[in-house]
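**Q** Have a look at this one.
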Amino acid sequence: MNYRHGYHAGNFADVIKHIALVAILRHLRKKDAPFAVIDTHAGRGLYDLRDSASRATGEAEGGIARLAGLAAEEAMGTYLDLVSECGARYPGSPLIAAKLLRPQDRLTAIEKHPEEAAILKDVLAPFHNATAEAGDGYARLIKLLPPPSRRGLILIDPPFEAADEYEVLARTLAAAVRKFATGIYEVWYPIKSQGAADAFIGEALAGGIAKALTVEIGLTPSSDRMTRAGLLVVNPPYGFTEQMQRAAVLLAPRLGGVAGGAPADIRITWRAGSQ
Ligand code: SAM
């Protein structure tokens with residue numbers, strides 16, 4: 001386990017993943033009925049963008065820093081407000097989720113790395129309806145489903161360190177959907193090749209998922225760093241595609257388009273069913 005999200009926090013992939021997360025949580029908040037959030041690969045929850053890890057890669061400079069001063073509405077507006085509340089630090093997925101919980105909602109955030117899990121525990125301590133767990137997010141997820149509220153969001157955001165991560169992820173998603181078919185799932189994946197990503201999506205959906213779309217983002221390659229990533233969203237809420245499309249119009253020229261480069265290529269594609 002060498003991966004540390006501190007090197008990547010606030011990069012272009014985090015920006016789009018966290019705007020989608022906020023869009024789904026804003027949807028769940030529309031009804032008074034409680035909802036559950038399970039974040040299987042939570043990270044530490046809060047990242048200092050001035051520390052040596054962040055400065056070593058400069059990835060936040062190509063992500064959240066490009067959105068400085070931007071006025072936005074809907075999920076993107078809420079996301080930018082949450083980020084600016086953190087000052088020079090960047091909120092990870094569990095902190096974003098915790099801040100959007102109402103008293104009746106619950107968050108379980110799981111992190112395997114002991115040091116990250118210890119920091120996560122402190123970051124979530126002020127939120128009485130949020131729990132940080134140290135452990136394996138895949139195994140815990142299956143045990144936690146279905147949540148008592150029978151409404152909720154599962155975020156699966158693995159580090160893709162293991163060669164078989166696509167397979168484990170597809171298997172876990174299928175098992176999770178068997179236990180909680182009506183849940184909303186947001187799954188992050190890197191796109192090293194479009195063929196491998198499409199094969200993963202085909203495998204993930206083969207277990208009988210009826211409604212799913214992907215949001216994929218690609219930057220014009222300027223280095224050997226990851227420049228393409230996607231989100232597989234199972235059971236996306238009504239209006240999610242339109243909201244992400246409106247966000248994409250604002251994001252594309254800012255996340256791409258540097259030094260005369262092309263805007264970021266952001267594509268929203270239904271992979272199973274439709275709205
Ligand atoms: N979701 C976080 C966010 O958006 O702020 C970022 C998570 S980062 C991409 C992946 C995290 O998963 C790392 O902190 C890593 O230590 C952790 N991890 C790796 N394997 C895990 C596992 N099997 N279960 C839970 N966490 C794991």
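The values are calculated or read from the model by the stated rules, or taken from the named source; none is laboratory data. Note that the structure is predicted; figures quoted are calculated from it, not measured. Because the Cβ atoms are built from the backbone with ideal geometry, glycine has one as well, and the counts that use them run over all protein chains shown. For the accessible areas, the whole protein counts, side chains as well, though only heavy atoms, and no ligand, DNA or RNA atoms are used. Shrake-Rupley method; radii C 1.70, N 1.55, O 1.52, S 1.80 Å.
**Q** Cβ under 14 Å from residue 76's Cβ, residue 76 left aside: what net charge do those residues give with Lys, Arg +1 and Asp, Glu -1?
**A** Working: positive: 17, 26, 66, 246, 254; negative: 14, 73, 74, 81, 242.
My count for the surroundings of residue 76 gives 0.
**Q** Still on this model: Could you compute the net charge surrounding residue 121? Neighbours are other residues with a C-beta less than 14 Å from the C-beta of residue 121; K and R count +1, D and E count -1.
**A** Working: positive: 44, 112; negative: 39, 111, 115, 116, 122, 133.
Combined, the nearby Lys, Arg, Asp and Glu give -4.
**Q** Here is a follow-up. Taking the Kirkwood radius as the inverse of the mean 1/r across Cα pairs, report the Rg/Rh of segment 33-103.
**A** Details: Rg = 13.4 Å, Rh = 13.5 Å.
So for segment 33-103, dividing Rg by the Kirkwood Rh gives 1.00.
**Q** Also: As a test question: what accessible area, to the nearest 10 Å², does residue 52 have when a 1.4 Å probe is rolled over all protein chains in place?
**A** Answer for residue 52: close to 90 Å² accessible.
**Q** How much of residue 119 can a 1.4 Å solvent probe reach, expressed as accessible area in Å² and rounded to 10?
**A** 60
**Q** If you roll a 1.4 Å probe over the chain with all protein chains in place, what percent of the accessible area is carbon or sulfur?
**A** 53
**Q** What does the charge count near residue 202 come to, summing +1 for each Lys or Arg and -1 for each Asp or Glu among other residues with Cβ under 13 Å from its Cβ?
**A** -2
**Q** Which number do you get for Rg(Cα) / (2.2 N^0.38 Å) in the chain?
**A** Ratio of Rg to 2.2 N^0.38 Å for the chain: 0.93.
**Q** For the chain, what does the helix formula give at 222 nm: sum of -39500 (n - 2.57) over DSSP H segments with n ≥ 4, over the residue count, nearest 500 deg cm²/dmol?
**A** Mean residue ellipticity, 222 nm, calculated: -11500 deg cm²/dmol.
**Q** What accessible area per residue comes out for the chain, rounded to a whole number of Å², with a 1.4 Å probe?
**A** 44
**Q** Straight distance only, please: which lysines reach the Cα of residue 211 with their own Cα at less than 24 Å, same-chain residues fewer than 8 apart left out?
**A** 17, 30, 31, 143, 179
**Q** If all Cα-Cα distances of segment 115-232 are sorted into 5 Å bins from 0 onward, what percent lands in each bin, rounded to whole numbers?
**A** 2, 9, 18, 21, 18, 15, 11, 5, 1, 0
**Q** Moving to a separate point now. Give me the distance in nm between label points sitting 7 Å out from Cα along the Cα-to-Cβ direction at residue 211 and residue 164, one decimal.
**A** 3.3
**Q** Taking GluC sites (Glu not before Pro) as candidate sites, keep only those in a DSSP loop with at most 13 other Cβ atoms within 10 Å, then name the longest stretch of the chain containing none of them.
**A** No qualifying site falls inside 162-275, the longest such stretch.
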